[in-house]
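The values are calculated or read from the model by the stated rules, or taken from the named source; none is laboratory data. None of these values were measured; they are calculated from a predicted model. As a convention, Cβ positions derive from the backbone with ideal geometry for all residues, glycine included, and neighbour counts pool all protein chains shown.
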Amino acid sequence: MALNAKTDPNYVPKRINGKFAPGWSGNPGGSLEATRRSFNKDFLLALAADFKKHGAGAIEKVRKTQPAAYMKICALLVPREMQVEHTNRIKQMTDEQIEEAIAAIQAMLDARAAQVIEGQAEVVPSLPASGSGGTKMPKA
């Protein structure tokens, strides 16, 4: 006669009222995400330690012997896209803040104008105009 959970005196249920009993794990293999994070952390720490010892020399060797691989690595380090978020801060400003900003900008412009008036004029050589209606260059 085979023993089952109800007749075996040494049976300890894995679950008690829907919860795992003490000593029983619901996932004896562990979490895949935690395993991946742990592996990634260990790998990156080992890579960083190796790079501190040999990184500059390895980079120089790759640059000299395999310039295409070197350039590919450089290109992979540059982000493909840059996200730029636009916020309209002027709409968020109060009337008083806008008036203060206008006054500050006007003060900066006045200070810049005062520096130009007090300073020496710089002579800039004129360049030939380009496009239609400009002066024509003599043919050689």
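All of ALA113, ALA121, ALA129 fail the test of being modelled with pLDDT under 90 and in a helix (DSSP H, G or I), apart from ALA113. Annotation note: Cβ proximity below 7 Å between a residue of region 67-91 that is more than 18 Å from ALA56 (Cα to Cα) and a residue that is in a loop (DSSP other than H, G, I, E, B) (sequence gap 6+ or interchain) occurs for no pair. Do we have ALA101 as surrounded by 11 or more Cβ atoms within 10 Å (Cβ to Cβ), small (Gly, Ala, Ser) and out of contact with any helix residue (DSSP H, G or I) (no Cβ under 7 Å at 6 or more places or on another chain) here? It is true that ALA101 is surrounded by 11 or more Cβ atoms within 10 Å (Cβ to Cβ), small (Gly, Ala, Ser) and out of contact with any helix residue (DSSP H, G or I) (no Cβ under 7 Å at 6 or more places or on another chain).
Screening the candidates GLY26, GLY30 for the property of being modelled with pLDDT under 80 and surrounded by 10 or more Cβ atoms within 10 Å (Cβ to Cβ) yields one hit, GLY30.
For ALA58, the requirement of being at pLDDT 90 or above, among the small types (Gly, Ala, Ser) and surrounded by 11 or more Cβ atoms within 10 Å (Cβ to Cβ) is met.
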